[in-house]
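Please read the structure below before turning to the comments.
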Amino acid sequence: MSLLSFLDYAGVALFAATGALAASRKQLDLIGFLFLAAVTGIGGGTLRDIVLGRVPVFWVLNPTYIIICAVVGVLVFFTAHLFESRYRLLIWLDAVGLSAYCVMGAAKGMAATGSPTVAIVTGALTATFGGILRDLLANEPSVLLRPEIYVTASLVGASVFTAANATMLPLYASAGLGVIAAFAVRGGALWFGWTFPTYHHKPGRHPDDVM
């Protein structure tokens, strides 16, 4: 198995696990676990392939990804009760999945278009969209709206991979640097509470005042 294939399968499995953990927090049945695991696991990659015009999308061409999501969903269904803080586990697994998947998404974007800009964008989309869908469907606090840095971590990881790849470093080195950079930013945000300054607006005018 190539390094990029490993990152692809690992990213899908990790995100599927976070989807199943979200299902456990909502006390859903096994079908609910399988559904959230699949949506979270393949959601980001599906959006990436649609944006790149690569249809049929990856899991249609290779159903192994669906099988991975299903296996992970079943495993979490029978083991989720063993974890005392499932939400903490969810967000840390999400951080690991984001780190792997932003590099995978960037690599596929670069291979499809040859554009570093597109590679960075597809890396971020691949790494974040599944988690956003998971939180939306499970009615969980969205990782996108949490104060800690999230999307930026995927942009950093994809950018580091793309830059390292442009210098002709070996693939394992470029991918390793991208994964480490993304996890350092996201992990640091979770551990230390890193945030960006937020927007503070002035009170808006009453609608009658602008008519």
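Given a Förster distance of 22 angstrom, what is the FRET efficiency for ILE180 paired with SER142, based on the Cβ-Cβ distance and rounded to 0.05?
0.30
Which value in deg cm²/dmol, rounded to the nearest 500, describes the helix-derived mean residue ellipticity at 222 nm for the chain, given -39,500 (n - 2.57) per DSSP H run of n ≥ 4 and division by the residue count?
Counting only the DSSP helices, I get -25000 deg cm²/dmol.
With the cut-off at 1.5 for a/c, could you classify the stretch 29-129 from its C-alpha gyration tensor as rounded, prolate or oblate?
It comes out oblate by the Cα gyration axes.
Assuming a viscosity of 0.692 mPa s and a temperature of 37 °C, what translational diffusion coefficient in µm² per second does Stokes-Einstein assign to the chain, Rh being the Kirkwood radius over Cα pairs?
For the chosen part, D equals 187 µm²/s.
Work out how much length VAL51 to ALA70 would gain on full extension: take 0.36 nm times their residue separation and subtract the Cα-Cα distance, in nm to one decimal.
4.3 nm
I'd like to check one number: the per residue accessible area of the chain, probe 1.4 Å, reported in Å² as a whole number.
Value returned for the chain: 51 Å² of accessible area per residue.
If you add up the charges near ARG134, with Lys and Arg at +1 and Asp and Glu at -1, over every other residue whose beta carbon is less than 9 angstrom from its beta carbon, what do you get?
So the environment of ARG134 carries a net charge of -3.
Could you check the simple spin-label distance between LEU61 and PHE83, using points 7 Å along Cα→Cβ, in nm with one decimal?
The modelled label-to-label distance comes out at 3.1 nm.
Could you please state, rounded to a whole Å, how far the C-alpha centre of the stretch 67-136 is from the C-alpha centre of the stretch 1-62?
Spelled out, the Cα-based centre of one part sits 7 Å from the other.
For Cα pairs less than 8 Å apart in space and 6+ apart in sequence, what is the mean separation divided by the residue count of the chain, i.e. the relative contact order in percent?
For the chain, the relative contact order is 22 percent.
With all protein chains present, how much of the accessible area of the chain (probe radius 1.4 Å) comes from carbon and sulfur, to the nearest whole percent?
Answer for the chain is 70 percent, counting heavy atoms of protein chains only.
The values are calculated or read from the model by the stated rules, or taken from the named source; none is laboratory data. Computed from a prediction, not measured in an experiment: that's the story for all the values here. Note that we place each Cβ from the backbone using ideal geometry, even for glycine, and neighbour counts take in every protein chain shown. Ligands, DNA and RNA are stripped out before the accessible areas are found, and what is left, the full protein with its side chains, is counted by its heavy atoms. Shrake-Rupley method; radii C 1.70, N 1.55, O 1.52, S 1.80 Å.
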